[in-house]
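Asks: Before I ask anything, here is the structure I am working with.
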Amino acid sequence: MTAVLRNEAKRLRRGPLALVGVLGLFGVLYFSIYPDFADDAEAMEDVLEAFPEGMLDFFGIEALHTIEGFIAAEMYSFFWVVLVGIYIAYVSAGLIAGDIERRKLDLTLSNPVSRESVIAQKAAAMAVPLAVLNVGVAGVVLVGSRLIGEPINPVAIVMVHLLSIPYLLVCAGIGLVLSVAAERRRTAQATALVTVFALWLVEGASNVDPDYEWIGFVAPSRYYDETAILVHEEYAFLDAALLLAVFVLLVLVATALFVRRDI
């Protein structure tokens, strides 16, 4: 029975399309200002050398005089890692809690479908916003870089999005666990939003102070480096595999909690 998956997939299409439009507008802005920015970028990098290296790593600042470094810092290090991560966690956090609040889940479970199947189909439906966002924004970056005469390697663009999927899946997994644990949808979504943002801050703080670098190992953003992918074309497949394993673990935790929950 895949009715849950089909219904959720249809419902989750509109939001990511709107977000692609917003990110596309920012992309147009960044590509339009890059030619003028590049003239002064090298002088700016001299100024940035006075800042702690960990802070520059936190914001993905490297090789700003190149289109790859500029887009990595301006578009991916915050808008993609933080805002899209928060969006995915927020949406996922409403999947179960929202149905419970609307009493929709009672009707769903009255059909011959197990709770384990409901969780699996809900998690699978998150592939829709992930696909829409990755394809849409990748297209904006690919076309935009070519229009200004600074084409970015298409392989690097594909990889920066492909390797972001495990990271975004972990964000979805966090939201799913909270969705089955919280009593109300708003509580689950607010907690998911704060959790993803707090983990990003923890990872950033651990980069700034080497004595606390170990704390950052709990942050999923530690295992996705958009700047390394775009600027150096370094692909951390092992880190991506680790994030996928964490996502599977989070889904299993959400399943265990949901099976035991009284709705």
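Asks: State which residue is farthest from the chain's Cα centre (by Cα) when the search covers only region 63-86 and only residues that are β-branched (Val, Ile, Thr) and open to solvent by 20 Å² or more (accessible area, probe 1.4 Å). Lay out the reasoning, then the answer.
Replies: If we filter region 63-86 for residues that are β-branched (Val, Ile, Thr), which is where we start, we get 66-67, 71, 81-82, 84, 86.
In the following step, the residues that additionally are open to solvent by 20 Å² or more (accessible area, probe 1.4 Å) were identified as 66, 86.
On the way: Thr66: 24, Ile86: 7 Å.
Applying the filter and picking the extreme gives Thr66.
Asks: If Ala127 satisfies every condition in (1) open to solvent by 10 Å² or more (accessible area, probe 1.4 Å); (2) touching a Gly at 6+ places or on another chain (Cβ under 8 Å); (3) of a type outside the set (D, E, K, R) but one, which is the exception?
Replies: (2)
Asks: Report yes if Leu133 is assigned to a helix (DSSP H, G or I), of a type outside the set (S, T, N, Q) and loosely packed, with under 15 Cβ neighbours inside 10 Å, otherwise no. Spell out the reasoning first.
Replies: Details: assigned to a helix (DSSP H, G or I): yes; of a type outside the set (S, T, N, Q): yes; loosely packed, with under 15 Cβ neighbours inside 10 Å: no.
No: the conditions fail for Leu133.
Asks: Shifting gears a bit: So is Ala219 free of Cβ contacts under 8 Å to residues at least 40 places away in the same chain and of a type in the set (A, V, I, L, M, F, W, C) or not? Step through it out loud before you land on a result.
Replies: Values: free of Cβ contacts under 8 Å to residues at least 40 places away in the same chain: yes; of a type in the set (A, V, I, L, M, F, W, C): yes.
Criteria met by Ala219.
Asks: All but one of (1) modelled with pLDDT of 90 or more; (2) under 23 Å from Pro154 (Cβ atoms) hold for Gly69; which doesn't?
Replies: Single failed check for Gly69: (1).
Asks: Does region 220-240 hold any residues that are under 12 Å from Tyr167 (Cβ atoms) and either open to solvent by 40 Å² or more (accessible area, probe 1.4 Å) or in contact with a strand residue (DSSP E or B) (Cβ under 9 Å, 6 or more places away or on another chain) (or both), and which are they? If you could, list the steps in order and put the result at the bottom.
Replies: Step one: filter region 220-240 for residues under 12 Å from Tyr167 (Cβ atoms), giving 220-226, 229, 236, 239-240.
Answer for region 220-240, where residues must be under 12 Å from Tyr167 (Cβ atoms) and either open to solvent by 40 Å² or more (accessible area, probe 1.4 Å) or in contact with a strand residue (DSSP E or B) (Cβ under 9 Å, 6 or more places away or on another chain) (or both): Arg222, Tyr223, Asp225, Ala236, Asp239.
Asks: Might you check whether a residue that is basic (Lys, Arg), outside any helix (DSSP H, G or I) and at pLDDT below 95 occurs anywhere in region 172-193?
Replies: Of all residues in region 172-193, those basic (Lys, Arg) come to 184-186.
Pick out the ones that are also outside any helix (DSSP H, G or I) and you get 184.
This time we only want the ones that are at pLDDT below 95, so: 184.
Scanning region 172-193 turns up at least one residue that is basic (Lys, Arg), outside any helix (DSSP H, G or I) and at pLDDT below 95.
Asks: Sort through Glu45, Glu8 and tell me the only one that's out of contact with any strand residue (DSSP E or B) (no Cβ under 9 Å at 6 or more places or on another chain), at pLDDT 85 or above and open to solvent by less than 60 Å² (accessible area, probe 1.4 Å).
Replies: Values: Glu45 fails: at pLDDT 85 or above.
Residue meeting the stated conditions: Glu8.
Asks: With the structure loaded, tell me whether Ala89 is at pLDDT 90 or above, under 20 Å from Thr227 (Cα atoms), open to solvent by less than 10 Å² (accessible area, probe 1.4 Å) and of a type in the set (A, V, I, L, M) or whether it fails that test. Even if it seems obvious, please write down each step before you answer.
Replies: Details: at pLDDT 90 or above: yes; under 20 Å from Thr227 (Cα atoms): no; open to solvent by less than 10 Å² (accessible area, probe 1.4 Å): yes; of a type in the set (A, V, I, L, M): yes.
In short, no.
Asks: Separate question: How do the pairs read when you match residues in region 111-137 that are touching a residue at least 12 places away in the same chain (Cβ under 8 Å) with residues anywhere that are aromatic (Phe, Trp, Tyr) and open to solvent by less than 50 Å² (accessible area, probe 1.4 Å), using Cβ under 6 Å and keeping only pairs 6 or more apart or on different chains?
Replies: Arg115/Phe258; Ile119/Phe258
Asks: Within region 76-118, work out how many residues are part of a helix (DSSP H, G or I) and polar (S, T, N, Q).
Replies: Residues of region 76-118 part of a helix (DSSP H, G or I): 76-93, 95-101, 104-109, 115-118.
From what's left, polar (S, T, N, Q): 77, 92, 108, 117.
The total comes to 4.
Asks: Does Ser145 fit the bill of being of a type in the set (Ser, Thr, Tyr) and either touching an Asp or Glu at 6+ places or on another chain (Cβ under 7 Å) or farther than 16 Å from Tyr76 by Cβ (or both)?
Replies: Values: of a type in the set (Ser, Thr, Tyr): yes; either touching an Asp or Glu at 6+ places or on another chain (Cβ under 7 Å) or farther than 16 Å from Tyr76 by Cβ (or both): no.
No, not satisfied.
Asks: Looking for whichever is open to solvent by less than 40 Å² (accessible area, probe 1.4 Å) and farther than 30 Å from Gly21 by Cβ here; the options are Gly216, Gly173, Gly204. Which one fits?
Replies: Gly216
The values are calculated or read from the model by the stated rules, or taken from the named source; none is laboratory data. Computed from a prediction, not measured in an experiment: that's the story for all the values here. Neighbour counts are summed over all protein chains in view; Cβ atoms, including those assigned to glycine, are modelled from backbone coordinates with ideal geometry. When the accessible area is computed, the model is the full protein with side chains, heavy atoms only, and any ligands, DNA or RNA have been set aside. Shrake-Rupley method; radii C 1.70, N 1.55, O 1.52, S 1.80 Å.
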